[in-house]
Structures are given as structure tokens and as C-alpha cells.
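Comments concern the structure below.
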Amino acid sequence: MHSKNQLQDVYGLKEEVAKGIWEYFDFESGILKKVQINEWDVSELAKHPYIGYGEAKVIVAYRNQHGKYTNADDLLNVKIFTPDWINKISPYLDF
């Protein structure tokens, strides 16, 4: 988990519960496995909670047409991706 706020992304977990959890547990930011955006195929990319199957297909198609991504800003060239979405996934990407 990259940020405490990500706990609010858990479906069905109320905001007050998510905030209350940190009263009882210490938070240590850490990403165990980064997304190999230039290596993984569609099915591997789509396993990430923030990358759906549709996004994964577009990531791979763009990579095949334009070459490897060098940084998260390269994803801005893909019209369906928003800056907010890119900011959300960028800590998980490895180039």
C-alpha cells in the first residue's frame, strides 16, 4: 500500500472505519511488487487492482505501436487515461 487513503478504495468499507483502523495499526508505506509496464502482457497487467482489462489492453497496444514507456507521463499520450488515474497508479509502475 502506497498511501493510507487507499484503504478507502476497498469496496464496502465505510470511510469512518477506514480512518479508524489507523488508530489501532501502524502504517508503513511499501509496495511489494511493482508493475513491469514494459514487460507484462495484458493478463498480468489486468491483475493489478487499479488496472482493468480494458486499460491493460490499451497499455499493451500503445506499447506495441510506439515502443516502451520511459515514465508515467508517457501514459498521458493515451487519450483514455486521465492525469488522476495516472497519478494513482504511477507509484506502482516500474519502467
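The values are calculated or read from the model by the stated rules, or taken from the named source; none is laboratory data. All figures in this text were calculated on a predicted structure; none of them were measured in a lab. Note that we place each Cβ from the backbone using ideal geometry, even for glycine, and neighbour counts take in every protein chain shown.
Numerical summary
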| read-out | value |
| --- | --- |
| Filter result (without any contact (Cβ under 8 Å) to a residue 24 or more places away in the chain and either outside the structural domain of residue 45 (by TED's automatic domain parsing) or loosely packed, with under 11 Cβ neighbours inside 10 Å (or both)) within the stretch 69-93 | 77, 79, 84, 87 |
| Extreme residue, surrounded by the most Cβ atoms within 10 Å (Cβ to Cβ), among residues of the stretch 13-25 that are closer than 25 Å to residue 90 by Cβ and free of Cβ contacts under 8 Å to residues at least 12 places away in the same chain | 18 |
| Residue match in the stretch 61-70 (condition: modelled with pLDDT of 95 or more and in contact with a helix residue (DSSP H, G or I) (Cβ under 6 Å, 6 or more places away or on another chain)) | no |
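Per-residue answers, yes or no, for (1) more than 19 Å from residue 9 (Cα to Cα); (2) touching a Cys at 6+ places or on another chain (Cβ under 6 Å); (3) of a type in the set (Asp, Glu):
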{"position": "22", "(1), (2), (3)": "no, no, no"}
{"position": "25", "(1), (2), (3)": "no, no, no"}
{"position": "39", "(1), (2), (3)": "yes, no, yes"}
{"position": "46", "(1), (2), (3)": "no, no, no"}
{"position": "53", "(1), (2), (3)": "no, no, no"}
{"position": "60", "(1), (2), (3)": "yes, no, no"}
